[in-house]
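Inspection log for the structure reproduced underneath, given as structure tokens.
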Amino acid sequence: MITQEQLKEIQSRADSINRYLDIDSKRIQLEEEELRTQAPGFWDDRTRAEAQMKLVKGIKRWIDGYTEVRALVDECALAFDYYKEEIVTEEEVDEAYAKAIAAIEDLELKNMLRAEEDSMDAVLKINSGAGGTEAQDWAQMLMRMYMRWAETNGYKCVISNLQEADDAGIKTCTLEIQGEMAYGYLKGENGVHRLVRVSPYNAQGKRMTSFASVFVTPLVDDTIEVNIEPARISWDTFRSSGAGGQNVNKVESGVRLRYQYKDPYTGEEEEILIENTETRDQPKNKENAMRLLRSMLYDKEMKHRMEEQAKVEAGKKKIEWGSQIRSYVFDDRRVKDHRTGCQTSDVGGVMDGKIDAFIKAYLMEFAAEGAG
């Protein structure tokens, strides 16, 4: 049974959310922005109209989130009073409290995701590391983990590229995870993921260590300007492999985009390689590959800004991209995030997509550093 202090705490947190989200101002802003959508000829410029509708939806999301928090906190307070009059049980009061605290924590977490790119869809690329079949199997297990996470959280997941390995597992895959705050939640998954287990592919039954890298970028749309130089683009086509029967092997629908990228700040050059086998339609795959290129170039610009900010804010921990972030030790039944210290013994649950605890721990620490 919760205490009077716990009830006061959630009431205080709800009041704080109201203040720092400035809900009253948001309600006024929502009315103003909704009025703009009713103007004559609003849909004449479709791109602008869709951006406006997205803005309205975003404001409404914060108001709805706060309204839900306030309602659940009030219900908990009511249940607390009803318990004194023996109208409800201890279990019912605790259940009301659990719902209220979950809604509060969810909204507090979303409030940390305020950067422009946080609200975007995510592109998540997985590459198997050195280690042959074992590493390729690990890459496929990670792909399944993220697909299950997306499914559980109501996100749409599209496989835009998949290269299966010869024996088992995958060499690489690219997932597009579409939905509210997808990039904001997944950005902390960027880095190297390490697996330690007794390998089913090792005849001696030895314990083996494998690595796979996860690279997450925001999926940018046409409303964000990214400078792409057409002269630096070259294309190859190839026959897609995988499901689809004989037709897939006859038609060169797969596309390979090579972009000779020159860093505008350092002058360094590198080749960006993007493959897309999402559909059997080559022009559509080219369009998808260009969209992924835009996302990668946007991500590079975003990281440059973050690095510059890190230099200015002396004493703050520099954000490392591509470093080893998490170990999955199957025999010891342990998954540990090296950045936050967050760990669990529910290995099966994690591999089934239950990674919210790691996501939350990363965001809480990331936000704390940003505020410090």
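The values are calculated or read from the model by the stated rules, or taken from the named source; none is laboratory data. Treat the numbers as computed from the prediction; the structure is a model and nothing was measured. Cβ placement follows ideal geometry from the backbone for every residue including glycine, while neighbour counts extend to all protein chains displayed. Ligands, DNA and RNA are excluded from the accessible area calculation, which covers all protein heavy atoms including side chains. Shrake-Rupley method; radii C 1.70, N 1.55, O 1.52, S 1.80 Å.
General remarks:
- Taking the conditions (1) part of a loop (DSSP other than H, G, I, E, B); (2) at pLDDT 85 or above; (3) surrounded by fewer than 13 Cβ atoms within 10 Å (Cβ to Cβ) in turn, Glu270 satisfies each one other than (1).
- In region 50-70, residue least open to solvent (accessible area, probe 1.4 Å) [restricted to those that are of a type in the set (A, V, I, L, M, F, W, C) and out of contact with any helix residue (DSSP H, G or I) (no Cβ under 9 Å at 6 or more places or on another chain)]: Ala51
- Per this entry, Gly129 is not counted among residues that are on the phi > 0 side of the Ramachandran plot and either touching a residue at least 24 places away in the same chain (Cβ under 8 Å) or not hydroxyl-bearing (Ser, Thr, Tyr) (or both).
- Condition met for Arg305 (under 26 Å from Thr237 (Cβ atoms) and out of contact with any Pro (no Cβ under 9 Å at 6 or more places or on another chain)): no
- Residue that is nearest to the chain's Cα centre (by Cα), among those in region 1-26 that are among the basic types (Lys, Arg) and open to solvent by 100 Å² or more (accessible area, probe 1.4 Å): Arg19
- Scanning region 208-227 for residues that are open to solvent by less than 30 Å² (accessible area, probe 1.4 Å) and not in a loop (DSSP other than H, G, I, E, B) yields Ser210, Ala212, Val214, Val216, Thr217, Pro218, Leu219.
- Taking each residue of region 282-305 that is closer than 15 Å to Asn161 by Cα and looking for partners that are open to solvent by 30 Å² or more (accessible area, probe 1.4 Å) and of a type in the set (Ser, Thr, Tyr) with beta-carbon atoms closer than 7 Å, six or more apart or interchain, yields Gln282/Thr237; Asn285/Thr277; Asn285/Thr279.
- Test: residue in region 73-88 that is buried (at least 17 other Cβ atoms within 10 Å of the Cβ) and outside any helix (DSSP H, G or I): yes
- Flag if Arg305 is open to solvent by 40 Å² or more (accessible area, probe 1.4 Å) and either assigned to a helix (DSSP H, G or I) or at pLDDT 85 or above (or both): yes
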